[in-house]
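The values are calculated or read from the model by the stated rules, or taken from the named source; none is laboratory data. Since the structure is predicted, the reported quantities are computational estimates derived from the model, not experimental observations. Cβ placement follows ideal geometry from the backbone for every residue including glycine, while neighbour counts extend to all protein chains displayed. Quick note on the areas: whole protein, heavy atoms, side chains included, nothing else; ligands and nucleic acids left out. Shrake-Rupley method; radii C 1.70, N 1.55, O 1.52, S 1.80 Å.
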Amino acid sequence: MNVVVAMDGPSGSGKSSTSRGVATRLGLRYLDTGAMYRAMTWWMLENGIDVDDAEAVAAKADQPLIVSGTDPAAPTITIDGVDVAEPIRTPRITRAVSAVSAVPRIRQRLLHEQRDIIGDGGIVIEGRDIGTVVAPDAPVKVFLTADADARAARRTAELGGGTVAATEQDLIRRDRADSGRAVSPLQMAVDAHHVDTTRYSLEEVVDLVVGLVEKAKAS
């Protein structure tokens, strides 16, 4: 199946779990573009780059080698050969990733890599600008949302620590930064299917998206 499924939405909306579930169900590859930005952020911090200095970040944008695995059952990500799947999920990276991802040179570099991975299709790709920038011609575009309490509870569980209240404040900050950046802001594509996941189980959301894919294939 060569379909491209573009999955967008803010943190805690269910993008990752839904994307992996859909990819597994349909036998597709899976790419988490957010992990790529987190990996780049980890590398910048590890190498002493001031992430609030956009020029300094841009100057190093082409240096690290990022390799993203696309198996939905066990997605991997390495940078310069180092497995960073766990360290990129720490609060340290969460606090810094919006600044790094807002740098145009970073987005340009990773956009090229993301499109290379998409190739001829057969993939579910998740992020914040997939339907609008990375894969604007994707036949299936989905924009997931959920209310603030649900998003914070999910994100806290994913991170394995912290309080829901603190996580909710982090999400509000991320939303503001991601929606307000000049390059590739978080926004819903005009032809995307909007799904509020607040009151649905993961299985129900996966079923819904799989239905959208099957409908697109039949049309």
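Condition check ((1) in contact with a helix residue (DSSP H, G or I) (Cβ under 8 Å, 6 or more places away or on another chain); (2) loosely packed, with under 13 Cβ neighbours inside 10 Å; (3) acidic (Asp, Glu); (4) modelled with pLDDT of 95 or more) across all residues:
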{"position": "Gly121", "(1), (2), (3), (4)": "no, no, no, no"}
{"position": "Ala138", "(1), (2), (3), (4)": "yes, no, no, yes"}
{"position": "Arg155", "(1), (2), (3), (4)": "yes, no, no, no"}
{"position": "Ala165", "(1), (2), (3), (4)": "yes, yes, no, no"}
{"position": "Gly180", "(1), (2), (3), (4)": "no, yes, no, no"}
{"position": "Gln187", "(1), (2), (3), (4)": "yes, no, no, no"}
{"position": "Ala192", "(1), (2), (3), (4)": "yes, no, no, yes"}
{"position": "Leu202", "(1), (2), (3), (4)": "yes, no, no, no"}
{"position": "Ala218", "(1), (2), (3), (4)": "no, yes, no, no"}
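A quick yes/no check of all residues on (1) polar (S, T, N, Q); (2) closer than 18 Å to Pro91 by Cβ:
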{"site": "Gln114", "(1), (2)": "yes, no"}
{"site": "Arg128", "(1), (2)": "no, no"}
{"site": "Thr132", "(1), (2)": "yes, no"}
{"site": "Ala138", "(1), (2)": "no, no"}
{"site": "Val142", "(1), (2)": "no, no"}
{"site": "Asp149", "(1), (2)": "no, no"}
{"site": "Leu171", "(1), (2)": "no, yes"}
{"site": "Ala192", "(1), (2)": "no, no"}
**Prompt:** Since Tyr37 meets every condition but one in (1) open to solvent by less than 20 Å² (accessible area, probe 1.4 Å); (2) more than 14 Å from the chain's Cα centre (by Cα); (3) not β-branched (Val, Ile, Thr), which condition does it not meet?
**Reply:** (2)
**Prompt:** List, please: which pairs have Cβ atoms under 6 Å, are six or more places apart or on different chains, and start with a residue in segment 16-44 that is farther than 27 Å from Val103 by Cα and end with one that is in a helix (DSSP H, G or I) and at pLDDT 95 or above?
**Reply:** Thr18/Val205; Thr18/Val206; Gly21/Val206; Val22/Val206; Val22/Val209; Val22/Val210; Arg25/Val210
**Asked** Filtering segment 75-109 down to residues that are charged (D, E, K, R), part of a helix (DSSP H, G or I) and open to solvent by 50 Å² or more (accessible area, probe 1.4 Å), which residue is farthest from Gly21 (Cα to Cα)?
**Response** Arg105
**Prompt:** If you check Asn47 against the conditions, is it farther than 19 Å from Ile77 by Cβ, surrounded by fewer than 19 Cβ atoms within 10 Å (Cβ to Cβ) and touching a residue at least 12 places away in the same chain (Cβ under 8 Å)?
**Reply:** no
**Item:** Scan of segment 50-74 for residues that are of a type outside the set (D, E, K, R), farther than 30 Å from Thr198 by Cβ and open to solvent by 40 Å² or more (accessible area, probe 1.4 Å), ordered by number
**Value:** Ala54, Ala59, Gln63, Leu65, Val67
**Request:** Look through segment 8-30, keep the residues that are open to solvent by 30 Å² or more (accessible area, probe 1.4 Å) and within 15 Å of the chain's Cα centre (by Cα), and return whichever of them is farthest from Arg95 (Cα to Cα).
**Result:** Arg29
